[in-house]
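The values are calculated or read from the model by the stated rules, or taken from the named source; none is laboratory data. Everything numeric in this text was worked out from a predicted model, so none of it was measured. Counting neighbours? That spans all protein chains shown, and the Cβs are built from the backbone with ideal geometry, glycine included.
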Amino acid sequence: MDTTAPRAGAAKAAPNIPEFAVSEIAGAIRRTLEDAFGRVRVRGEITELKRYPSGHIYLSLKDENAKIESVIWKTFVPRLAIKPENGVEVIATGKIGTYADRSKYQLVIDRLDYAGEGALLARIEMLRLRLLEEGLFAPERKRALPVLPRVIGVVTSERGAVIQDIRTTIARRFPRHLLLWPVPVQGQGAAEQIAAAIRGFGAIAPDGPVPRPDVLIVARGGGSLEDLMAFNEEVVVRAAAESPIPLISAVGHETDTTLIDFAADRRAPTPTAAAEMAIPARADLLADLAQTEARLLQSGRALLDRARRRLMLAERGLPDLPNLLGALRQRLEDRGERLAVALPALLERKRGALARTAPRLPHPREGIAARRAALGLLGQRAEGAMRRQLARGTTAPALARFSATPVAALAREKRARLEGLVARLEGVSYQAVLARGFALVADAEGTPLASAAAVPPGERLVLTFADGPVRATAEGTKPARRKREDGEQGALL
């Protein structure tokens, strides 16, 4: 079949269709879209969000049926009211544009808003549950506020009425030093600056040139949920939970609740209430001090009264100490006098008993003589026995038996012991001292006299020498010996 004829007819009809260049048709499509839609508001969920080093943000908006690619140029990023994140439902405002290089259309966004209060609350609740599981809101993390802080740090805007309310309240209650860290409290980047201010206060050295606050107040006035979103951001909540300084949150009005309220150590319904919570009233402190002083004085007086009564009762039960001491002193003096008399009397009695017992005691010489006589008798008996043995002719065996018997050994042992005792006894006997030229001086009754002071003039004495006693009469003390002249030989005795 020939197919050239129809093709020739089609080639002839081609000049009747307009011919466009690629750029022309792309421009026509762009102009058509811009003229047909102009500025639009699109509601959808953010997905496929990407941030490029150039500063541009590319993302897609989707719903259950479709998806549209979008872009936020870097010049509009700082102006955004919210921070774009994946999964957040927003209302994007911008223009429909085209990208001719890839033959696609896109939404050029210059404004982002949350898609209604419900979406915001859902996002906040999801973040709250996640942080709650991490333990950032645990009650044991809460710290007590200082009773009287020296320095109070405030994180808020410097142009709002909040800082004025805080300053006025503190000046009225108890003037303290305030440190303000000014930050924006809403809009793009506000959350990061608030978190940086909280961490900045915590990083101040305690002894540095700038005083470190003892307590922090993070405050903002009332507003809509969108206006308070900066205090619902995760970065702010984590900074509040990690703050080393006790923190009071005072965001919005009494009915407003933000996530920083859960992470703070205390929550105040208003900024004024936060100032009242941070510092006590001076008048209240003075009243408390006065009341405490009165109670202390009353307790002190009661304690003194009780002690005084106990002392009086104890005083009644105590004995009369002066009379008791006097009686004891008198008894002590009496015992002292009796002791002074009793000791000499006791010595006299002991001396008399010794004098009476001494004559009945055998003289050591008598005991020695008796032992010697007994030894002599034994020797004679031994000598007689020896002679009898000699007469019988059995001397040698008898001597051997005698020397070998235990009796002979015992006799030798006893003889050696007796000779030793005799030597010791003669060494300590006063007879040996008398034999060396000394004499024993005694009174007429035989009592030895040991000192010249004990001999009154005219006393009858008995001088006992080695060979016998001599009676004498004392004439008095000997006159003092004259001083020996130099070179004169002294006497030995």
| request: Give the range 21-67 a look and list any residue that's without any contact (Cβ under 8 Å) to a residue 12 or more places away in the chain, outside any loop (DSSP other than H, G, I, E, B) and under 22 Å from V90 (Cβ atoms), or say none. | output: K50, R51
| query | Residue check, P146 against (1) over 22 Å from R220 (Cα atoms); (2) in a strand (DSSP E or B); (3) not assigned by TED's automatic domain parsing to the domain that holds E34, all met but one. Which one? | reply | (2)
| task | Scan (1) part of a loop (DSSP other than H, G, I, E, B); (2) hydrophobic (A, V, I, L, M, F, W, C); (3) surrounded by 18 or more Cβ atoms within 10 Å (Cβ to Cβ) for the single condition I163 breaks and write down its number. | result | (1)
| When both residues are 6+ apart or on different chains and their Cβ atoms are under 6 Å apart, which pairs have a first residue that lies in the range 417-436 and is closer than 11 Å to P364 by Cβ and exposed (fewer than 14 other Cβ atoms within 10 Å of the Cβ), and a second that is at pLDDT below 75 and not aliphatic (A, V, I, L, M)? | A432/E426
| note | Filtering the range 257-288 for residues that are of a type in the set (K, R) and within 18 Å of R143 (Cα to Cα) leaves a count of 2
| request: From the list E158, E140, pick out the single residue that is in contact with a strand residue (DSSP E or B) (Cβ under 6 Å, 6 or more places away or on another chain), closer than 23 Å to D214 by Cβ and loosely packed, with under 14 Cβ neighbours inside 10 Å. | output: E158
| Across the range 388-402, which residue is modelled with the lowest pLDDT among those that are exposed (fewer than 11 other Cβ atoms within 10 Å of the Cβ) and of a type outside the set (A, V, I, L, M, F, W, C)? | P397
| Pairs under 7 Å by beta carbon, first residue under 23 Å from M229 (Cα atoms) and surrounded by 13 or more Cβ atoms within 10 Å (Cβ to Cβ) in the range 92-118, partner acidic (D, E) and at pLDDT 85 or above, six or more apart or different chains? | T93/D110; G94/D110
| field | Output for the range 221-244, where each listed residue is part of a loop (DSSP other than H, G, I, E, B) and of a type in the set (D, E, K, R) | value | E226, D227, E233
| note | Of the conditions (1) surrounded by 16 or more Cβ atoms within 10 Å (Cβ to Cβ); (2) on the phi > 0 side of the Ramachandran plot, the single one that G189 does not satisfy is (1)
| said: Checking the condition at pLDDT 80 or above and touching an Asp or Glu at 6+ places or on another chain (Cβ under 6 Å), which residue from S60, S54 passes? | reply: S60
| Before we move on, is T47 polar (S, T, N, Q), within 60 Å of the chain's Cα centre (by Cα) and under 30 Å from T258 (Cβ atoms)? | yes
| Extreme residue, nearest to the chain's Cα centre (by Cα), among residues of the range 310-355 that are basic (K, R) and at pLDDT 85 or above | R310
